[in-house]
Amino acid sequence: MLETNFLIIGSGAAGLTLAVKLAEKFPKKKITVVTKAHQSESNTKYAQGGVAAVFDLEEDSFQKHIEDTLIAGDGLCDKAVVEMVIKDGPKRLKELMEWGANFDTDADGELTLGMEGGHSEFRVIHHKDTTGNEIERALLERSNQLKNITILPHHFAIDLITEHHFSEREPEELSCYGAYVLDQISGSIFAIKADCTTLASGGMGQVYGHTTNPAVATGDGIAMAYRAKARIQNMEFIQFHPTALYDGKNGASFLISEAVRGFGAFLRNKKGERFMLNYDERGELASRDIVSRAIDSEMKKSGDECVYLDCTHLDIDDFKHHFPNIYETCLQRNINVANDWIPVVPASHYLCGGIVVDMDGKTSLKNLFACGECSCTGLHGANRLASNSLLEALVYSDRIFNYLCKHLPSRTTKAIPEWNDEGTVLLKSSETLQKKTEELQRLMRRFAGVVRNNKDLMEASVQLEILYFETEALYQKHKLNTVLSQLRNMVNVAHLIIQQSLKRKENRGGYFNEDYDKNT
Ligand code: FAD
Ligand code: SIN
């Protein structure tokens, strides 16, 4: 058993920002960050477009950013949260810059601001097309300088420790006492007892397979919180990014940033028609849900497997300067952006819902906090405005920090039981797990994708139940490993997406069900 003051699960923008702040404020306290892969591996690392925040007070205003966020959220945002996050944003970004993060500036040293879908002004702060990598670099460098932060890479959090693990009776208010963690190198499982635990475990794109998210995004934190009986909400609002690079049978993975459309690229179908203006007067810069559905509709009409992003009319030197990573990645796949259209498809990208938190990042369990993509704060409502998620991660880790400064949790006297896997055996081959994971991903793409309907969702629910019992049987009999644990988590997350989709009896924001009127 390991003991720590603050346990943070995840080393993306949300987790590391919190770790740095706590370590600086409380030099005598121990901050332990567990992360399931290399310490930099996260959705954060792959963020391209940037961070939305109001820096240009002449053309832009907090009010305009607030309105754009509320419009995207389609009536389900919490206005107080939106106002708080947007007004706090520039302060959090300045802090990040003080910690060493570099963002693009012009010849006068002023931040250069990008444009993305749904924004009424240029306000996206960026580092070329690798903004997330720069943020992750700066945060890791800072964290590694602070002696009271221990980052444990290749450590996989399996389950939160609550009264369920040591008490016969469930108390009225459940508390969190840390987590059981798998050392992925040695295979051993141990408890980390913590005064306070924060889930900063990111998104769940892998539940769909074809995704812009890296392999670590399997919704573990949400599944752990769900099993621990925390409140989970808005899981039906999956954001599909319209322009992931189409990669034949592998579907999609590499993102072609929305900033490329902000830069003037056109979407075309195979016949060469620039179709977006038939769907929305904002054309390519309509919000993501509208662009994704338009592409879905074009693909269904034509039977084609993708549409195209045309950059051939743009200044290619300027393009290379702004998007060096996208340019090079396309070139590696024999796509010369100067002459060739880029094949693109919508892919699962971001989860607008998650673990419900209040304005201090508190979940419904005592001593359990959540921030970043795994949380549901009320900022995004039914659809997230582009580049508002890194912003949310930065602001909410600061909110949790401020809360903890005022309400420092004390050490629990409860005896935490060791992980018990008596009677379980090693799983000999991972082939079954791989097959079941692919089955789940196919099921989610087929029945719970960009456009849903009630019959498909019911079918998904029936098929998922079978998969659930099969996975639970594997879990009961075998020693836990990463793939089995992830499969179990993804099945839980898929269940939440399907059940919460079935409960929504209207079309709203990023949720579209063909059984309901478009305008409901
Ligand atoms: P993450 O950065 O995903 O970090 C989660 C961490 O938790 C990882 O370290 C992971 O390994 C760890 N973890 C997960 N499960 C476990 C477990 N069981 N045990 C231990 N560790 C675990 N947003 C923007 O605002 N602007 C953008 O331009 C932008 N571009 C994007 C481009 C791409 C390709 C992608 C995928 C996302 C983009 N997003 C963007 C979204 C944004 O990057 C994420 O929402 C944000 O980075 C989430 O930060 P986070 O700290 O909450 O989670
Ligand atoms: C992008 O660069 O298109 C992603 C921006 C985001 O997800 O906010």
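Just so you know, all these numbers are worked out from the coordinates, no wet-lab data involved. These figures come from a predicted structure and were not determined experimentally. Backbone-built Cβ (ideal geometry, glycine too); neighbour counts: all protein chains shown.
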Taking 0.36 nm per residue of sequence separation and subtracting the Cα-Cα distance, how much length would be gained by fully extending the chain between ARG411 and LYS147, in nm to one decimal? 92.9 nm
Per DSSP helix of 4 or more residues, -39500 (n - 2.57); summed, then divided by the residues of the chain. What does that give at 222 nm, rounded to the nearest 500? -11500 deg cm²/dmol
Using alpha carbon centroids, what distance separates segment 137-170 and segment 389-404, in Å? 17
Convex hull projection area averaged over all views, segment 128-239, Cα basis, nm²: 9.9
Take the alpha-carbon centre of segment 1-80, take the same for segment 476-507, and report the distance between them in whole Å. 25
In the neighbourhood of LEU199 defined by beta carbon distances under 15 Å, the net charge of the other residues (Lys, Arg +1; Asp, Glu -1) is +1
So how strong a dipole does segment 116-258 carry about its Cα centre when Lys and Arg Cβ are +1 and Asp and Glu Cβ are -1, to the nearest 20 debye? 240
Taking a quarter of the surface of the Cα convex hull of segment 153-207, what do you get in nm²? 5.4
Expressed in nm to one decimal, what extension gain is obtained for the pair THR432 and ASP358 from 0.36 nm per residue of sequence separation less their Cα-Cα distance? 22.6 nm
Cα gyration tensor shape of segment 32-98, rounded if a/c is under 1.5, else prolate or oblate by comparing a/b with b/c: prolate
Charge tally for neighbours of GLU95 with beta carbon under 14 Å away, counting Lys, Arg as +1 and Asp, Glu as -1, is +3
Nearest-0.05 FRET efficiency for GLU328 and ASN402 at R0 = 51 Å, using Cβ-Cβ distance, is 0.80
What's the FRET efficiency of LYS477 with ALA80 using the Cβ-Cβ distance as r and R₀ = 35 Å, to the nearest 0.05? 0.15
Can you give the Kirkwood hydrodynamic radius for the chain, in Å, rounded to one decimal and based on Cα pairs? 23.3
Give me the angle, in degrees from 0 to 90, between the Cα long axis of helix 79-98 and the longest principal axis of the Cα atoms of the chain, rounded to the nearest 10. 90
Local charge sum around ARG399 (other residues, Cβ-Cβ under 13 Å, Lys/Arg +1, Asp/Glu -1)? +1
Counting other Cβ atoms within 10 Å of each Cβ, which GluC sites (Glu not before Pro) in segment 389-482 have at most 14 and sit in a DSSP loop? GLU418, GLU422
Need one number: nm distance between label points at SER61 and LYS503, each 7 Å from Cα along Cα→Cβ, rounded to one decimal. 3.8
Which percent, nearest 5, of DSSP beta bridges in the chain are antiparallel? 60
Cβ crowding within 10 Å averaged over residues, with 290-296, 163-169 ranked highest first: 290-296, 163-169
Could you tell me which of ASN133, ILE151, ILE161 has its Cα farthest along the dipole of segment 127-172 towards the positive end, charges placed at Cβ (Lys, Arg +1; Asp, Glu -1), taken about the Cα centre? ASN133
Which ordering of CYS371, CYS306, CYS352 is given by a fewest-first count of other beta-carbon atoms within 10 Å? CYS306, CYS352, CYS371
What nm distance separates the two modelled labels at SER302 and ILE316, each placed 7 Å from Cα along Cα→Cβ? 2.3
If you average the alpha carbon positions of segment 437-465 and of segment 202-233, how far apart do those two centres end up, in angstrom? 16
How much length is gained if the chain between ASN420 and ASP108 is pulled fully straight, taking 0.36 nm per residue apart and subtracting their Cα-Cα distance, in nm to one decimal? 106.2 nm
